[in-house]
1. If you stretched the chain out fully between His716 and Thr163, how much longer would it get, using 0.36 nm times the residue separation minus the C-alpha to C-alpha distance?
2. Checking the table Lys473/Lys543; Lys545/Lys644; Lys644/Lys692; Lys437/Lys542; Lys356/Lys692; Lys542/Lys680 against a 22 Å threshold on Cα-Cα, which pairs fail?
3. About the Cα centre of segment 572-651, how large is the charge dipole given +1 on each Lys and Arg Cβ and -1 on each Asp and Glu Cβ? Please answer in debye to the nearest 20.
4. Working only with C-alpha atoms, what are the Rg and Dmax values of segment 703-813, expressed in angstrom?
5. How would you order 557-565, 277-285, 130-138 from highest to lowest mean count of nearby Cβ atoms within 10 Å?
6. What length, rounded to one decimal in nm, is gained on full extension from Gln343 through to Ser479, with 0.36 nm per residue of separation minus their alpha-carbon distance?
7. How many nm is it between the label spots at Leu770 and Glu607, if each spot is 7 Å from the Cα in line with the beta carbon?
8. Taking 41 Å as R0, compute the FRET efficiency from the Cβ-Cβ separation of Asn747 and Met708 and round it to 0.05.
Amino acid sequence: MDRSGHGILTHGKNSEFQNELHESNQADVDMGEECKSSETSSPEKSREATESESDSWSGSASLVEKSAVEINGDECQAPPEIPLVNKYEMNVDSEQESQSLNTVSVDVLGPGVPVKDGKGLFMVPAVGMEFESEEHAYKCYSRYAVMEGFSIRKDFVNKSRVTGAVVSRRFTCYRQGYRPSKHTMNTRKPRKETRTGCLAHMTIAWQPYGKFRVTNFENKHNHEFVNPSTAHLLPSQKRLAFAEAVEADLASSSGVDGVPKLGMGFELEDHAYEFYNSYAGKVGFSVRKDYVNRSKIDGAVVSRRFTCFREGFRQKDKRDLSIKRPRKETRIGCLAQLVISRQSDGSYRVTNFEEKHNHELVAACRIRMLRSQKQLVAAQIAEGNAIEGRKIQLKSAHEVSCNSIGEGVDHEYDPVDQRSKLISKCTREMRDGEAEKIQQYFQSKKVKNPSFFYAIQLDADNQIANIFWTDAKMVMDYSDFGDVLCFDTTYRINEDCRLFSPFVGVNHHKQMVIFGAALLYDETVDSFKWLFQKFLEAMSGKKPKTILTDQDEIVSEAICSILPDINQRVCVWHVYQRALKQLSHMFIGSPPFVNDLLSCFFDHEEEEDFIASWNHMMDLHGLWDNEWLNKIFETREQWAIAYKRHIFCADIKSVQLRGSFILKLKKYLKSDSDVLSFLKQLGKMVNDWHYKELEANYDMSQNMPKLMGDVILLKHARDAYTPRIFELFQQEYETCLNIVVNQCIENGSLLEYKVSIYGQPREYTVSYNLSNNTVCCSCMKFEFIGVLCSHALKVLDYSNIRLLPSQYILKRWTREARV
């Protein structure tokens, strides 16, 4: 071999390297007897020592006659007396010899034996083996360690005082040495002990002709090896895999398919997050920014971990016992993650990517509900709006509306009801141009959505008197939740007092839904009769069970004429709103009056309690002379929740039902409001309500409400009810724990119980029929709201009923309400 070609130092530097090599070899004497052969400063002595040791493995290596192997760029060469390993390929004398190399078992690994792993052929380290560089030696030893089942660590290094180049290096087992005890004395959570004093190692030394030679190799360990299936988790294997992945990333255009890969590079941390979030949106999960490691010098991000939103577990909070409505559990210990680390050039690369999740992924139709995806969607919407705004500038709004209507109108559809004209002129006239705007708006809706339904009633002068409209989504909502209908006549548009009347209800999440709406320029009985007829026509003739209205005799007369068989009652919320207007002067002089009025209207489900609260309010605030209050008290059976509790109302009295509705529409109900702007704003609000239901459905599919205890009945109810209804049910169950059974009267299969809350005198009568497993309480909460009361639950528990009877699980309150 021509060594002159490999020289990289001058003669003076060469001698300096030989002296340092001698010092390095002396330092390795205590590592074993084999190290003694390398304690010479001359290359000739070192070669002689190598020749004596090469006899032990030359037989095994004789199969390879000056042949070579490429180990992913690892170059591994032997000295002249030892068969060389070329870095390109391995040539064998025969096909049988090639097969013998490929079938070498990991259990019989020997020094200098060529071995094939999943990435190609490599040589088992041995004393005297030579490498082109220190990195090639590290890779060779690392692959050997993975095959055996241990990880390696870069330990001792000796560098030249002249050039700083590595003179000798020792690679050890990751369990080498012992951890100093002084570092763990004051640590609250000490790290697990991994070092066991293992002596396995490989030492390399630089040779004058530019290569690195193995001068010491110890393959005996004092610990068990890891399982081959988990070898990829070893630290050195991770580093090796990362280095190979970076090389592959540089050689190809990674990220084209949108899937993260080990070694993938990003210029900025935000770019990595955006890429992973985009990938998560395609797969079906949300991303959370988790651990971050920052530089102590400049505060820049050194490494960052992005995890699945269901990563980890929520820590137990001492306050959980006192929280009435705890947050829903979302974390279930998912290990899916992406870890990036900053490189020397300032960029970031993926150092760890875990793809598998331990939970179901979100369906594509619900991706936009994910928290991390909402930001992405918002950015896309903003960009889309900007593009759309530039397009609109190219055409006038008039051209767009006229062209769309002219091309897509169904000329056979006539929304004008010619058979139901008013016999008189409407009581309110439209503004100039308002009729054309309204017709164009509804025609454009019909073009975009053929299932959109609207009807127009004319007066005696063939002028628009009333308009009703609905769409397919509203009709579907009514088919699922149209058992209770609230017809609202309290909204007025601008100074002309045009009546806006929505048909609203409540869905299985106790959210507001709208079934249709009307603009009324005439408020006669005939107008309301026409409106209810058109409503039933749009809903395929399906009638509600209960309709709630304002205290309006004209509306009541129209309902009795068109819907004679349904339950009708006055909405308590409408009465409360009128009370706020009539008694506005009381709010200034007596701030607590609002709370007393609210409590009187909504907090008392027993007649006795309601009357007592009313009298207390009248006495406290001196309102006995108020004629309006005395008048509505006389009609209390029509609106107070303590009466007519046999009529199902689906808890539609909730404040949230109308609170957000009137607040959002308030600015569009001013005197200068344009009816077209009002209709567009209403359309946006309806879309928002639909989106909120989708959010609630997604939240329901991902999270389960927290149970107050390990109770079979609660588990059964949680699986059936939506989270919002289950919370109401669980509150009733919690109350039933404080209820006592005072008396039980048996009459055949019918049992009558007298129950009361512990320490309270009021008793409730609960009847339980053994033959058909039915229960009925005198408070009639189930008949009024649709959820069993605490008194009935107590009797079921007393009768050893551990599952909720199916007849008391209303479908409209369940997770399957829309199925």
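1. Values: separation 553, 0.36 × 553 = 199.08 nm, distance 7.57 nm.
Full extension from His716 to Thr163 adds 191.5 nm.
2. Details: Lys473/Lys543 18 Å; Lys545/Lys644 14 Å; Lys644/Lys692 32 Å; Lys437/Lys542 32 Å; Lys356/Lys692 30 Å; Lys542/Lys680 28 Å.
Correct reply: Lys644/Lys692; Lys437/Lys542; Lys356/Lys692; Lys542/Lys680.
3. Working: 6 positive and 13 negative charges, 85 e Å.
For segment 572-651, the charge dipole is close to 400 debye.
4. Both quantities, over Cα of segment 703-813: 13.6, 45 Å.
5. Values: 557-565: 14.6, 277-285: 18.6, 130-138: 20.1.
The densest-packed peptide leads the list: 130-138, 277-285, 557-565.
6. Working: separation 136, 0.36 × 136 = 48.96 nm, distance 5.98 nm.
Contour length minus the Cα-Cα distance gives 43.0 nm.
7. If labels sit at Leu770 and Glu607, their model points lie 3.3 nm apart.
8. Values: r = 35 Å, r/R0 = 0.85.
So, using R0 = 41 Å, E works out to roughly 0.75.
Values quoted throughout were computed directly from the atomic coordinates according to the rules given, and no laboratory measurement underlies them. In this text the structure is predicted, and so the values were computed from the model without any measurement. Every residue, glycine among them, receives a Cβ derived from its backbone with ideal geometry; neighbour counts consider all protein chains shown.
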